[in-house]
Amino acid sequence: MNRVSTGELDWDETDRGDEVGWRRKRLAAAAGGENLGCSLYERPAGKRSWPYHYHAGDAEALYVPSRAGTLWHVDGTSPLRAGDYVALPAGADDAHPTAARPKPQIRRAPTSGMSVPRLVYDDDCGFCRFVVSHALELGEFEAVGFSALSEEDELRARLPEDYEECMHLVTDTAVYSCGEALEQVAKRTGATGWWLTAAAKGLPKYPEARETLYRWAADRRALWGKFARRDSLSREDLSP
């Protein structure tokens, strides 16, 4: 058994302008949790934490230890009060962000029965590192670079033989590769424009078009890296 106390942990701070920002203590990670995630969030009044999103494979729960706020969901909004516990099953029907009311601060402790999806990428590519760092800011992933894989690795065994050709998103039950992986990351983070892929799925030959567009962009990653790149990902970036 591993035990941690909120008073022993430092806050990780995130500030993305006037609308998004929070402080966070990663309780489950500090205690060595592997299949259950739990963090304590403290968010300034008027700001929200995550974009509007849902989890395809993991249920999530929110507990509000103090203050008040608002939960946005598919049916509108609901008030959150101190002591409230909200269960959010996996799936698009339970998409959500949270937003604070104009009161001093709101604290919440989300938990999820999660096996964090692993985002496998080319860690020798500056633009790829930039894309992955952005995904880690918006969602819960474990980033794994190609250089960290070995032939005996269980994760490597689940990837296609030509895995170095593109990125992959690996969950407990599925492996998504190339354009489909990027699509899944966009859905799970609520990234701008993700709904366009959902709308396009009904179009003829959508999968082929998605993969063609991904390959066109991937083949030019050296060019994109001149405009957007990360030289490295820190340990904090890599940890879910």
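Condition (residue is modelled with pLDDT under 80, more than 21 Å from residue 67 (Cβ to Cβ), hydrophobic (A, V, I, L, M, F, W, C) and within 21 Å of the chain's Cα centre (by Cα)) applied to segment 29-39: is it met by at least one residue? Looking for residues that are modelled with pLDDT under 80, more than 21 Å from residue 67 (Cβ to Cβ), hydrophobic (A, V, I, L, M, F, W, C) and within 21 Å of the chain's Cα centre (by Cα), one finds at least one in segment 29-39, hence yes.
For segment 126-138, the condition holds for at least one residue, the condition being that it is over 27 Å from residue 33 (Cα atoms), small (Gly, Ala, Ser) and in the same structural domain as residue 213 (by TED's automatic domain parsing). When we screen 56, 109, 90, 100 for residues that are under 15 Å from the mean Cα position of the chain (by Cα), at pLDDT below 65 and either more than 23 Å from residue 141 (Cα to Cα) or not acidic (Asp, Glu) (or both), the only hit is 56.
Residue pairs whose Cβ atoms lie under 8 Å apart, separated by 6 or more positions or on different chains, with the first residue in segment 204-224 and surrounded by 13 or more Cβ atoms within 10 Å (Cβ to Cβ) and assigned to a helix (DSSP H, G or I) and the second at pLDDT 90 or above and among the aliphatic types (A, V, I, L, M), are 214/182; 224/217. The requirement of being closer than 24 Å to residue 186 by Cα, surrounded by fewer than 19 Cβ atoms within 10 Å (Cβ to Cβ) and at pLDDT 75 or above is not satisfied by residue 7.
The values are calculated or read from the model by the stated rules, or taken from the named source; none is laboratory data. Note that this is a predicted model, so its numbers are computed, not measured. All Cβ positions, even for glycine, are placed from backbone atoms using ideal geometry, and neighbour counts span all protein chains on display.
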